[in-house]
Amino acid sequence: MKPVAFEYHAPATVEDAVGLLARYRGEAKLLAGGQSLMPLLNFRLSRPAALVDLNAIPDLAYIREADGVVRLGAMTRQRSIEFSPIVRRRLPLLAEATTLLAHLPIRTRGTIGGSLAHADPSAEYPAVLTAMDGTVVVRGPRGERVLGPSQLFRSYLTTSLAPDEILVEARLPAPPAGAGFAFEEFSRRHGDFAIVGIAAMLVGDGLRGVSARLAAAGTGPVPIRLRGAEEILEREGLTEAAIEAAAGRAAELVDPDSDLHASAAYRRHLTRVLTARALRRAQARMGRL
């Protein structure tokens, strides 16, 4: 099957792109990497009146660090993130998550902005944004908005972006040197979307005084911050008993659906197993970078 007929635009600036979205009044789609949009078009699950191609806007592709925050332009390719020295040094959790993303051809075209705006709850980047308390910058005819994960993600494949707004940047705070990190996921085949994924970040001395960040992918309509599990670690430290208790609490915090890939009970089981695994790997890395 092929897409329905649509008009095509390749604006050179974000302002021009916003203007086009406003002109079509919700009937236009943005084209970034196209790894999610093109199949939807080919199956006619999406029938836009126009495509607004962001690939000709050079100002949307960059990786910059300033004041302890790494800023990534929405059109930054996943492959660029994978090999960025800044990301490897300052955002190792993002770097590790990127290596788990699909396959090389997809990472070559896929973008961080496209992944976040697509809002698949099984995807790695939304979980990383959630675990790291990152934000995104959204631009539209009414100006800019800065949104946290809970403000951005609404449900399956649904965000709070208005039809005439564009996600233009992701901002991730760089953890202090020596932070432990790990992204664990389980999928049926390498490159498939994760059935469950866990992003973990640990800061502290390894026992007492630890600060923990945990987020789950694939366990509900949006990525889930596992605050109850974090509290156990911050209260009890990184003892083996605390890690097991935190993993058990993580499984209690999620409310996954059953589908053709896994039952809700299996997703809860994976949440417990992968949380413990991620925490142990993150703990082993503390103080090394």
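The values are calculated or read from the model by the stated rules, or taken from the named source; none is laboratory data. Predicted model, so just to flag it, every value in this text is computed and none were measured. Note that each Cβ is placed from the backbone with ideal geometry, even for glycine, and that neighbours are counted across all protein chains shown. All accessible areas refer to the heavy atoms of the entire protein, side chains included, with ligands and DNA or RNA removed. Shrake-Rupley method; radii C 1.70, N 1.55, O 1.52, S 1.80 Å.
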(request) Scan the stretch 173-194 for residues that are of a type outside the set (D, E, K, R) and either over 13 Å from LEU101 (Cα atoms) or exposed (fewer than 15 other Cβ atoms within 10 Å of the Cβ) (or both) and jot them down. (result) PRO173, ALA174, PRO175, PRO176, ALA177, GLY178, ALA179, GLY180, PHE181, ALA182, HIS190, GLY191
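To keep it simple, each residue is scored yes or no on (1) assigned to a loop (DSSP other than H, G, I, E, B); (2) open to solvent by less than 60 Å² (accessible area, probe 1.4 Å); (3) touching a strand residue (DSSP E or B) at 6+ places or on another chain (Cβ under 6 Å).
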position: VAL4; (1), (2), (3): yes, yes, no
position: PRO11; (1), (2), (3): yes, yes, no
position: ALA17; (1), (2), (3): no, yes, yes
position: LEU21; (1), (2), (3): no, yes, yes
position: GLY26; (1), (2), (3): yes, yes, no
position: GLN35; (1), (2), (3): yes, no, no
position: MET38; (1), (2), (3): no, no, no
position: LEU41; (1), (2), (3): no, yes, no
(message) For the stretch 39-65, give me each residue that is modelled with pLDDT of 95 or more and among the aliphatic types (A, V, I, L, M).
(response) ALA49, ALA50, LEU51, VAL52, LEU54, ALA56, ILE57, LEU60, ALA61, ILE63
(request) For the stretch 253-275, enumerate the residues that are part of a helix (DSSP H, G or I) and surrounded by 23 or more Cβ atoms within 10 Å (Cβ to Cβ). (result) ARG267, LEU270, THR271, LEU274, THR275
(request) Could you tell me whether the stretch 51-68 includes any residue that is open to solvent by 40 Å² or more (accessible area, probe 1.4 Å), touching a residue at least 60 places away in the same chain (Cβ under 8 Å), closer than 13 Å to GLY114 by Cβ and within 21 Å of the chain's Cα centre (by Cα)? (result) no
(message) So if I check each of ALA251, ALA246, ALA242, ALA264, which one is out of contact with any His (no Cβ under 8 Å at 6 or more places or on another chain), touching a residue at least 12 places away in the same chain (Cβ under 8 Å) and of a type in the set (A, V, I, L, M, F, W, C)?
(response) ALA246
(request) Those residues that are open to solvent by 10 Å² or more (accessible area, probe 1.4 Å), touching a strand residue (DSSP E or B) at 6+ places or on another chain (Cβ under 7 Å), not in a helix (DSSP H, G or I) and not basic (Lys, Arg), I need them from the stretch 219-252; list them, please. (result) PRO221, VAL222, PRO223, ILE224
(request) Answer yes if at least one residue in the stretch 198-215 is open to solvent by less than 70 Å² (accessible area, probe 1.4 Å) and assigned to a helix (DSSP H, G or I), and no otherwise. (result) no
